[in-house]
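The structure under discussion appears below in the form of structure tokens.
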Amino acid sequence: MAARKRVAVVGVGTMGSQAAWRLAARGAEVVGFDRFAPGHDRSAAGGETRIFRSAHFEDSRYVPLLRHADGLWEQLQQETDRELRRLTGCLLMGPVEERQMRTVLESIAEHDLDHEVLDAEALAKRFPQYRIEEGDAAVLDRHAGFLRPELTVLSAARRAEELGAEIHRYTPVREIAPSGDGVMISTDAGSERFDAAVVTVGPWVNDLLPDLPWEVDVRRVISAWFVPVGDTWAGEERPAFIRTAPVHCYGLPSPDGVTVKMGLSRQLHRPVADPNSLDRTVQPEELDVFTELLRRHLPGLLPDPVRLSVFMEGYTESSRPLVGPLPGAENAILLAGFSGHGFKLSPAMGDIAADLALDGHTDQPIEFMTTLGRTAA
């Protein structure tokens with residue numbers, strides 16, 4: 001009988017908590033390290049809700065991975081007895097000729113996804129809280145909804161611990177280095193050797209891996225919560241929504257129905273020079289773009305936010321994540337640069353990380369995001 005592999009998980013957040021769960025479920029000896037603790041609000045997993053969707057704007061090759069994630073979301077909910085995801089649908093809106101809308105319609109057709117196309121009249125009758133313009137399309141992705149990020153990270157990490165994983169909280173990793181046919185992990189308490197490591201440190205990737213051959217652009221992301229004027233957001237159907245143009249934005253009615261959360265795309269976020277000193281104060285002028293979006297597309301929301309939150313995300317130039325072995329350290333598996341659309345994929349990515357760490361390969365279709373032979377980010 002083969003000996004159990006000893007695997008370090010560096011960063012027990014969005015991806016790391018899922019990797020720890022999947023590794024522990026497969027019998028690995030798992031040791032996690034996090035500079036804070038699973039479920040913290042200092043990185044990309046905060047904000048109460050994140051969108052889950054089946055259709056994909058960026059690349060239809062994500063759809064099989066989303067299907068794999070779909071089954072694992074159900075499994076994690078059953079194992080933890082927590083509601084981590086609620087399927088409420090997601091409205092995808094934008095100019096019909098715009099590239100992202102064309103891609104989402106192509107992915108729906110290619111993969112036969114459950115959806116509904118709404119014209120302006122049907123949208124106004126069924127979802128009066130939204131306003132679209134001439135030339136826009138509105139597509140309802142039925143197998144979509146919201147995820148609870150903080151609860152998910154905490155639940156996946158706790159499930160990993162129930163399965164035997166050990167997690168060192170408030171223990172930042174200072175260095176990752178190859179060590180023979182394994183990996184050496186160094187913290188302030190000393191160094192420890194593992195058979196493999198999964199590196200999922202989010203916006204700290206450039207700090208921990210300064211020689212990484214691909215650039216991960218870390219950005220400061222603002223979420224804002226707005227209160228509806230009346231009861232148009234209180235109906236039986238309260239889908240999440242994404243608008244592609246002229247300003248890319250997204251939103252989710254809060255689970256309690258009191259507010260609507262909104263967020264923006266990469267181009268509207270400020271770069272983060274040091275993830276250890278994130279400016280978490282939102283200045284009034286940073287809200288101007290939200291005010292204009294509400295005036296133009298969501299007039300049923302009061303323009304002044306009742307809550308603001310700041311966190312970080314890492315982007316690659318191609319928006320495709322970096323998944324696979326670190327150059328020069330084949331037993332260190334990197335998951336980084338998910339460019340704002342990784343949370344819904346996180347159980348699948350944790351499972352893929354377990355494949356790579358334990359078996360050296362995966363049957364999941366990650367060719368378009370692998371680090372192997374990759375030159376550009």
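Structure notes:
- Candidate set from the stretch 149-162 (those that are more than 18 Å from Gly71 (Cβ to Cβ) and open to solvent by 10 Å² or more (accessible area, probe 1.4 Å)); member that is farthest from the chain's Cα centre (by Cα): Glu162
- Tally, over the stretch 146-204, of residues that are of a type in the set (Phe, Trp, Tyr) and touching a strand residue (DSSP E or B) at 6+ places or on another chain (Cβ under 8 Å): 2
- Of residues in the stretch 70-84 being closer than 15 Å to Leu154 by Cβ and loosely packed, with under 13 Cβ neighbours inside 10 Å, the one nearest to the chain's Cα centre (by Cα): Glu83
- Complete set of residues in the stretch 85-114 that are modelled with pLDDT of 90 or more, of a type outside the set (Ser, Thr, Tyr), in contact with a Lys or Arg (Cβ under 9 Å, 6 or more places away or on another chain) and open to solvent by less than 70 Å² (accessible area, probe 1.4 Å): Arg85, Gly89, Cys90, Leu91, Leu92, Met93, Gly94, His111, Leu113
- Selection within the stretch 117-148 - under 30 Å from Leu76 (Cα atoms), open to solvent by less than 50 Å² (accessible area, probe 1.4 Å) and out of contact with any His (no Cβ under 8 Å at 6 or more places or on another chain): Ala144, Gly145, Phe146, Leu147
- Considered as a group, the residues in the stretch 178-211 that are open to solvent by less than 60 Å² (accessible area, probe 1.4 Å) and without any contact (Cβ under 8 Å) to a residue 12 or more places away in the chain include one that is farthest from His341 (Cα to Cα), and that residue is Gly190.
- Among the criteria (1) on the phi < 0 side of the Ramachandran plot; (2) touching a Gly at 6+ places or on another chain (Cβ under 7 Å), the one Gly337 does not fulfil is (1).
- Test: residue in the stretch 65-72 that is within 19 Å of Gly263 (Cα to Cα) and touching a residue at least 12 places away in the same chain (Cβ under 8 Å): no
- Residue check for Glu292: of a type in the set (D, E, K, R) and closer than 30 Å to Ala177 by Cα: no
- Screening Ala25, Ala8, Ala37, Ala20 for residues that are small (Gly, Ala, Ser), under 18 Å from Gly164 (Cα atoms) and surrounded by fewer than 18 Cβ atoms within 10 Å (Cβ to Cβ) leaves exactly one candidate, Ala37.
- Of the strands (runs of 3 or more DSSP E) contained entirely in the stretch 94-194, those carrying at least 1 residues that are among the basic types (Lys, Arg) fall at 173-179, 190-194.
The values are calculated or read from the model by the stated rules, or taken from the named source; none is laboratory data. Keep in mind that what you see is a predicted model, and the values were worked out from it rather than measured. Here Cβ is always computed from backbone atoms with ideal geometry, including for glycine, and neighbour counts include all displayed protein chains. Ligands, DNA and RNA are stripped out before the accessible areas are found, and what is left, the full protein with its side chains, is counted by its heavy atoms. Shrake-Rupley method; radii C 1.70, N 1.55, O 1.52, S 1.80 Å.
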